[in-house]
Amino acid sequence: MKAKKLNVQEDDLRPEYDFDFPKAERGRYANRLKTEGSNLVRIEPELAKSFSDSASFNAALRTIIKFAQCSANLTQHSGTSGTKRRAA
């Protein structure tokens with residue numbers, strides 16, 4: 001398989017941003033993600049369309065979490081308190 005020849009254009013990259021690709025290390029931070037975890041979550045495209053930005057997504061997620069917590073509390077407290085009532 002032949003490598004494609006790249007068009008060489010004038011290099012307008014600032015010297016401080018010059019990156020030496022042959023010295024690059026592949027997966028340099030991969031182990032950190034495995035051990036420390038990550039806070040990245042992939043949102044399906046059809047769901048992402050419903051939110052204009054990350055703030056609106058976070059607000060919706062917080063609302064769902066509060067609802068779930070309230071629902072769990074209601075479920076826990078809806079049982080009997082340990083005393084049995086007698087039918088009148």
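Of all residue pairs spaced 6 or more apart or on separate chains, none has beta-carbon atoms under 6 Å together with a first member in segment 32-44 that is of a type in the set (Phe, Trp, Tyr) and a second member that is loosely packed, with under 10 Cβ neighbours inside 10 Å. For segment 41-88, residues that are at pLDDT below 80 and part of a loop (DSSP other than H, G, I, E, B) total 11.
The values are calculated or read from the model by the stated rules, or taken from the named source; none is laboratory data. For clarity, every value in this text was computed on a predicted model and none was experimentally measured. We place every Cβ from the backbone using ideal geometry, glycine too, and count neighbours over all the protein chains shown.
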